[in-house]
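The values are calculated or read from the model by the stated rules, or taken from the named source; none is laboratory data. Source: prediction; values computed, not measured. Quick reminder, even Gly has a Cβ in these numbers, built from the backbone with ideal geometry, and neighbours come from all protein chains shown. Just the protein is used for accessible areas: all its heavy atoms, side chains included, with ligands, DNA and RNA removed. Shrake-Rupley method; radii C 1.70, N 1.55, O 1.52, S 1.80 Å.
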Amino acid sequence: MIRDRKATVEVPKDRVLYHDLIKVVRHTRQRPGIYWFRLIRAASGVRVGVLTEVPGNPGLSVCNDIEGILQYLDEKYELREDSTAIFEIWPRGCIDEDVQINRVSFEASVSWDAAQREDIETLAGGALPPLPNHEELYARVRAFGGGTEEELWRPRFEVFPVTELPPPHNPSRCDYASTFRNLEAESSCAPPGLHDATLAVGQHFIEALARLDRSQCWYHRANWKTIADESVRILRRIGHENPDRYRAEVRKSKLPQRDRRWLDSLFADPIFVNGGTYTNGQHRGCALRFSGATHAAIHTNDESLGTVCNDWVYLGGG
């Protein structure tokens, strides 16, 4: 396991020829590579080049494009293989918790030999100037045109009137699913498959359920009025938050275990009403309509939490 050893003396600043990101463009069909490069002129006259992999690099890794990187650096800094020692570093967070360092040799072909930080420091004549922390490093990589990001979303819950819940559109797991299919086959409201026609069939199905023994369907056996009321209490108490906060509150509920599981489902696998129909949860929505509840916590839309880096996180050691 390679660990950083903090040298007592850092390389003098006047010997640090370069200490920043580089962008290596090789082919128009290949995304440029972004790496951190330090070039140090040692007291002995030998130059030490250190390439570090960084999060958000859109191109090939420092290892996979080492020849292209060195060609770029040679053109820019006139590196010579006999007077420049080249190292590459995979910092903590990139592969695992260990730092991996190799010295790159150029003979008949490129080869890599395992090295340690002490090897670099001995040649450079002191400790390497450090890289920025992850936030600053990643921001600078983004400014260079790199970065891999994703937008975070979370469900937005509302205290929703139960009477405004849409009728089911395909209650396939209901004990009365055959009743729905028969109504669908008999329907003359509109051609099958149309949104309004499906809602009309669902409404006829709801009216039919009012005359049937709903206790045969296990969705209807829970105490949905109490469950709905408890979901509204939790939502009003916590407000718009991460669903995990709601679920933590569910665990404090005094409801019987079976009903508490249904309550948890309203936040963990929520009823999602969008565009006048269900995206999820039609069976529970049907049960709620017959429960006597007035309102329930329903997922009605999603809200953005902004973008975050979905690449690895730099943990030091570069």
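Structure notes:
- Highest mean packing comes first when the peptides 31-37, 125-131, 226-232 are listed by Cβ atoms within 10 Å, giving 226-232, 31-37, 125-131.
- Between the listed residues Pro155, Ser83, Val9, the Cα displaced farthest toward the positive end of the dipole of the chain, a dipole computed from Cβ unit charges relative to the Cα centre, is found at Pro155.
- Euclidean distance between Cα centres, the stretch 212-290 to the stretch 39-109, Å: 56
- Prolate/oblate/rounded call for the stretch 194-301, Cα gyration tensor, a/c under 1.5 rounded: oblate
- Taking the accessible area of the stretch 52-121, probe 1.4 Å, and keeping the other protein chains in place, the carbon and sulfur fraction comes to 39%.
- Relative packing of peptides 249-260, 112-123 - highest average C-beta neighbours within 10 Å first: 112-123, 249-260
- Per residue value of the accessible surface for the stretch 199-318 (all protein chains in place, 1.4 Å probe), Å²: 48
- Share of carbon and sulfur in the accessible heavy-atom surface of the stretch 165-256 [1.4 Å probe, %]: 47
- Three-way shape call for the stretch 243-285 based on the alpha-carbon gyration tensor, with the a/c threshold at 1.5: oblate
- Option label - Cα extents along the principal axes in Å computed here, alternatives (1) 71, 43, 34; (2) 74, 60, 44; (3) 95, 47, 29: (3)
- Cα gyration tensor shape of the stretch 242-318, rounded if a/c is under 1.5, else prolate or oblate by comparing a/b with b/c: oblate
- Positive-end residue of Tyr219, Thr122, Phe144, charge dipole of the stretch 111-229 with Cβ unit charges: Tyr219
- Mean sequence separation of contacting Cα pairs (under 8 Å, at least six apart), scaled by the length of the stretch 50-173, corresponds to a relative contact order of 25 percent.
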